[in-house]
Amino acid sequence: MLHYEWYNTPNIRFFTIADFEDFCREKNFRVHRRIALDTGARVEVFEHPNLNADLAIFVISAS
């Protein structure tokens, strides 16, 4: 339908944790660690991080 992926669109767009994980798989990046956080509650999110976290920290490397 659209000719662009979220990372190369000419429009500004926020992306989700799931979007970034898909991107890493597509580009063959290895995700060593992901920490999803709810910064308002100051807790790490374990259940449904794509829905419940507002910040994620990834440690990645090229495969």
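Laboratory data are not the source of any read-out in this text; all were calculated from the coordinates shown. Predicted, not measured: the structure shown is a model, and the values here were computed from it. So basically every Cβ, Gly included, is an ideal-geometry build from the backbone, and we count neighbours across all protein chains shown.
Odds and ends about this structure:
- Taking Cβ atoms as reference points and 15 Å as the exclusive limit, the residues near Tyr4 contribute a net charge of -3, counting Lys and Arg as +1 and Asp and Glu as -1.
- Peptides 19-31, 51-63 ranked from most to least packed give 19-31, 51-63, packing being the mean of other C-beta atoms within 10 angstrom over each peptide's residues.
- Charge sum, other residues only, whose C-beta stays under 13 Å from Arg13's C-beta, Lys/Arg counted +1 and Asp/Glu -1: -2
- Cβ-defined net charge surrounding Asn28, 15 Å radius [Lys, Arg +1; Asp, Glu -1]: 0
- Spin-label model distance (nm) - Arg30 vs Arg13, 7 Å beyond Cα toward Cβ: 3.0 nm
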